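Okay, structure first, notes after.
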Amino acid sequence: AVEDGSLTTKIKAKMALDDTVKALDLDVDTRNGVVTVSGTVRSEAERQRALALARETEGVTQVVDRLLVR
């Protein structure tokens, strides 16, 4: 569970530092290396970027996309 928490923190930090992703609108949940990203994004590009940031984080085995483009 400690590793899941640190993965969530890492991903949220990467999103916060990324200009294309509005991290405050997104929720990141990690269970056994499976990351679920949910919330609302402004564009398809932002959606793809958020998912890419999660996928390229070490320790992530799978990314579940629950993002809504508005």
Subject >> Answer label for Rg and Dmax of the Cα atoms in Å (calculated), chosen among (1) 10.8, 33; (2) 12.6, 43; (3) 15.6, 52 >> reply: (1)
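For every helix of n ≥ 4 consecutive DSSP H residues, a contribution of -39,500 (n - 2.57) applies; sum these over the chain, divide by its total residues, and give [θ] at 222 nm rounded to the nearest 500 deg cm²/dmol. Mind showing how you got there, number by number?
Numbers: 2 runs with 28 residues, N = 70.
Rounded to the nearest 500, it is -13000 deg cm²/dmol.
Can you tell me how region 1-40 classifies by the Cα gyration tensor, rounded, prolate or oblate, using a/c under 1.5 as the rounded cut? Present the calculation step by step, with values, prior to reporting the outcome.
Details: a/c = 3.04, a/b = 1.68, b/c = 1.81.
Here region 1-40 falls in the oblate category.
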**OP:** Could you check the simple spin-label distance between residue 61 and residue 19, using points 7 Å along Cα→Cβ, in nm with one decimal?
**Re:** 3.7
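Just so you know, all these numbers are worked out from the coordinates, no wet-lab data involved. Keep in mind that what you see is a predicted model, and the values were worked out from it rather than measured. Cβ: placed from backbone, ideal geometry, glycine included. Neighbour counts: every protein chain shown.
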